[in-house]
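Each remark here refers to the structure printed beneath this line.
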Amino acid sequence: MQKSNSGKNNLSALLASMVKNNQHIFGSSLAFEPYEFKEEIEFYSPYAYETKYGIKIYNESIVTIDYTKLDWYSNLKDGKQDYWAEPYREELTKKELITYSVLFFQKIKA
């Protein structure tokens, strides 16, 4: 994947829009390959989620969570096109959730 030129604000707006415009989506996140969003940031995975006060954006680059070892990430790296996680209690919001993960790529102009 090419290094991202998209700013944090653009990604946050995209994620917030996905959550706001779909009643079946509680939260949405993008997880980049290590160091692919910016060279100085190893893990970058912004997360937008619904609260009773509106949509909140959580910037997971401030936490050193190696999400590449988690099932939803590693299963996609192993060749799956998508992945449904078992229901779980999400730590940030304390809600019971099911995660659906898919790969995304940025096309590189030749």
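The values are calculated or read from the model by the stated rules, or taken from the named source; none is laboratory data. Model, not experiment: these values are computed from the prediction. Note that each Cβ is placed from the backbone with ideal geometry, even for glycine, and that neighbours are counted across all protein chains shown.
Would you pick out the residues in segment 71-97 that are at pLDDT 90 or above and hydrophobic (A, V, I, L, M, F, W, C)? Answer for segment 71-97, where residues must be at pLDDT 90 or above and hydrophobic (A, V, I, L, M, F, W, C): just Trp84. When segment 79-106 is limited to residues that are among the aromatic types (Phe, Trp, Tyr) and not in a strand (DSSP E or B), the one that is surrounded by the fewest Cβ atoms within 10 Å (Cβ to Cβ) turns out to be Phe105. Restricting segment 30-44 to residues that are crowded, with 18+ Cβ neighbours inside 10 Å and without any contact (Cβ under 8 Å) to a residue 40 or more places away in the chain leaves a set whose member that is farthest from Phe105 (Cα to Cα) is Phe43. When restricted to residues that are out of contact with any Ser or Thr (no Cβ under 9 Å at 6 or more places or on another chain) and not in a loop (DSSP other than H, G, I, E, B), segment 18-27 contains 1.
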